[in-house]
1. Look at region 196-214 and say how many of its residues are of a type in the set (S, T, N, Q), under 30 Å from the mean Cα position of the chain (by Cα) and more than 10 Å from I70 (Cα to Cα).
2. For G120, all conditions in the list (1) at positive phi; (2) surrounded by 14 or more Cβ atoms within 10 Å (Cβ to Cβ); (3) of a type outside the set (A, V, I, L, M, F, W, C) hold save one; what is the number of the exception?
3. Kindly indicate whether any position in region 68-85 is basic (K, R) and loosely packed, with under 13 Cβ neighbours inside 10 Å.
4. In region 95-106, what residues are touching a residue at least 12 places away in the same chain (Cβ under 8 Å) and either touching a Pro at 6+ places or on another chain (Cβ under 6 Å) or not in a strand (DSSP E or B) (or both)?
5. Pick from A21, A80: which is more than 40 Å from the chain's Cα centre (by Cα) and either modelled with pLDDT under 95 or closer than 30 Å to I298 by Cβ (or both)?
6. Within region 351-373, can one find any residue that is at pLDDT below 55, outside any strand (DSSP E or B) and surrounded by 11 or more Cβ atoms within 10 Å (Cβ to Cβ)?
7. Looking at (1) surrounded by 11 or more Cβ atoms within 10 Å (Cβ to Cβ); (2) at pLDDT 55 or above; (3) not in a strand (DSSP E or B), find the lone condition where E342 falls short.
8. Of the residues N226, N273, N258, which is farther than 15 Å from P64 by Cα and touching a residue at least 40 places away in the same chain (Cβ under 8 Å)?
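The values are calculated or read from the model by the stated rules, or taken from the named source; none is laboratory data. Everything numeric in this text was worked out from a predicted model, so none of it was measured. Backbone-built Cβ (ideal geometry, glycine too); neighbour counts: all protein chains shown.
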Amino acid sequence: MANDNGKKKKKKIIIFSIIGAVVIILAVLVFLGSRRETIVIVQTEKVQRRTITQIVSATGKIQPETQVKINAEVSGEIIALPIREGQRVTKGQLLVRIKPDAYQAQLENAQAALEMANAGRQKAEADYNRAKELIVKKLISDSDMDLAKASYLSAKAGYDQANATLKQYRDQYSKTTIYAPMAGVVSQLISELGERVSGSTFTQGTEIMTIADLASMEARVDVGENDVVMVQKGDTARIEVDSYQDRKFIGIVTQIANTAKTTGTGTQDAVTNFEVRIRINTPEGIQFRPGMSMAADIETETHSNVLTVPIQSVTVRAPKKDMKDEPKEGEAQLIASKKKEEDKLEEVVFVVKDGVAKTLPVKRGISNDSYVEVKADGIEGKEVVSGPFKAINRDLEVDSKVKVDNKSAKKTGASADTDKK
């Protein structure tokens, strides 16, 4: 029995010894692993000179440069509509006739009233002229003279009022017939024959149709408030229209809105845009229609023969700190005042030399979809880290060990030169 207990104690000691040895080995491995330097796999690309064209992209619709909405200015029934949507019309051509009966009656009444007022004015004028002759001969009193003058002025005012009323009714009557104010195409016909329309001098009447000059078309795009400051009149734009996917068209910026259009006001999705209009050089045989969807790349600025790096190569890091600038004990009150300066980040690229990454501060210029212009002393021809994105933006630090692997980048096309497009 004593032998059995001894054997059991000996067995336990062996088991615990093995467990302890394993724990010690694992701890050593973890410690050694933590001290092993991490090597970051990166791709690089040489800094080269290129021509960079800065692009502002936007989407919108095709619209005629000139179009006129035809609205009713008087109320009534459409009794003549001799045109159809899509029809070409000439300036002065009859477009719409509104039933004129009520306006014709008003016009005739006004003409009759004017004739009566004219007769009264002529009689009062004759009496006034005779009174002026008699007052010279002192054959009438001053009061009779004043009465004749007052009667004449009253009759004249009545005539002028009747004449103004006649002009008003004549103008209303003329508006029952609408003629084309310009040559163009009926791009939209809203009202139909027999339909009643409303209109007045003080409010916008029923919209009947739209006439557009389809020979001169423009793109109207919405540009964000951050990009619109880069766009100027005269900038060239390359336009893609959904209906002509295999072609690109050239346009010129002609107008930039001064007032913003804001959607989603008061929400997190609020967007502020400015409308930019681009005149399109329409090739022969191409027929744009109002409302076609399109996208435009506006070329806002071009710099030739400038140093460039892949756009993803430029990142931000905190500037290096000089140890002598570290606050000493008891200077905690100065930390808060210096915090803003310490929090400033500078734009840098990572340059690889002898398997180590170093930061090189750069000043960014204009950019296109793939490359950005940079300015820095001695940067030309250097190998800068161009990928992967995670390494550039998070993993790499000053003096990080790196391994360049450009073969895998070439297989995936990650570092393809977009200038060859």
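1. Going through region 196-214 one residue at a time, the tally reaches 1.
2. (1)
3. Yes; the residues of region 68-85 include at least one that is basic (K, R) and loosely packed, with under 13 Cβ neighbours inside 10 Å.
4. Of everything in region 95-106, those that are touching a residue at least 12 places away in the same chain (Cβ under 8 Å) and either touching a Pro at 6+ places or on another chain (Cβ under 6 Å) or not in a strand (DSSP E or B) (or both) turn out to be K99, P100, A102, Y103, Q104, Q106.
5. So the residue among A21, A80 that is more than 40 Å from the chain's Cα centre (by Cα) and either modelled with pLDDT under 95 or closer than 30 Å to I298 by Cβ (or both) is A21.
6. No, region 351-373 contains no residue that is at pLDDT below 55, outside any strand (DSSP E or B) and surrounded by 11 or more Cβ atoms within 10 Å (Cβ to Cβ).
7. Single failed check for E342: (2).
8. N273
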